[in-house]
1. Would you list, by chain and number, the lysines whose Cα falls below 23 Å from the Cα of residue 28, excluding same-chain residues fewer than 8 positions away?
2. Just name one of 115, 86, 57: the one whose Cα is farthest towards the positive end of the charge dipole of region 26-226 (beta-carbon charges, Lys/Arg +1, Asp/Glu -1).
3. Using a cut-off of 21 Å between alpha-carbon atoms, which lysines can reach residue 72, once sequence neighbours fewer than 8 places away in the same chain are excluded?
4. Counting Lys and Arg as +1 and Asp and Glu as -1, what is the net charge of the other residues whose Cβ lies under 13 Å from the Cβ of residue 87?
5. Among 148, 36, 102, pick out the residue whose Cα is farthest towards the positive end of the charge dipole of region 26-226, where Lys and Arg carry +1 and Asp and Glu carry -1 on C-beta, about the Cα centre.
6. So, counting K/R as plus one and D/E as minus one, what does the shell of residues with Cβ under 13 Å around residue 178 add up to?
7. Just from the alpha-carbon atoms, what are the Rg and Dmax of region 138-186 in angstroms?
8. Roughly what % antiparallel, to the nearest 5, for the DSSP beta bridges in region 26-226?
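Here, each number is a calculation from the coordinates, and none is a lab measurement. Here the structure is a predicted model, which means the values were calculated and not measured. Virtual Cβ from ideal backbone geometry, glycine too; neighbours counted across all protein chains shown.
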Amino acid sequence: MPRPFGYALIAATGLLLASCSSGPPRVKDTTRTFTTVVVDAGHGGKDNGAFRRYGGVEKVATLDVATRLFRKLRESEFQTVMTRTGDVFVALDRRASIGNRQDNSIFVSVHFNDSGRRAIRGFETYYHSPVARNLAHRIQQSLLTMPGSVNRGVKTAGFTVLRKSAYPAVLVECGFLSNRREGARARSPAYREQLADKIAEAIVDMRYGSGVYRGPATPAATDPAAATSVHPE
């Protein structure tokens, strides 16, 4: 027996509302209030990321920079959570979920870039929600104070960890492993320390104002196992 038109309309409306509710979370602007920073080391485990002769394996470089960033933010008295602290695979949805469970937070994902054109180099910072735009610009401008830096811009993107974040989220591309110069730098512990320092400075400045951040006088030893991590069991 055919269903009445009104029933069909109600059913269609219900399906539309259900599809809307399952979309990306509404992003809360915590850029002036955040007390927690979720630090996401890109790739890991079976996912190597980029792998280049000059720069090595991306998952190794991202974890090192992220762990150094974790330490610096802890020293600046933020609560800090890492999505991974070792060479483990964490799905993208899981990374976003870890961030969304941290109240009053921001999410910072650390990556290195890759290109088939070896001459390309420089920093890029990505965001998805407009509330993360200023944070992305602060990080990009901080990185550009490093000697020899190249500005490839602040851009919007629909990366999963950005699109599914309930709080301001950015993804930082810390240079091209495919470029001879930047790839060689990416292997250097001192350079990774500097990258972490510049990102930390931008985060502290975003929360408390310019000139507040005080980096350590000398780099401290980094122990990834000592960091707080939330990842699949």
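1. Filter leaves 155, 164.
2. Value: 115.
3. List returned: 59, 198.
4. 0
5. 148
6. Local charge sum for residue 178: +4.
7. Using the Cα atoms of region 138-186, the pair Rg, Dmax is 12.9, 37 Å.
8. In region 26-226, approximately 25 percent of DSSP beta bridges are antiparallel ones.
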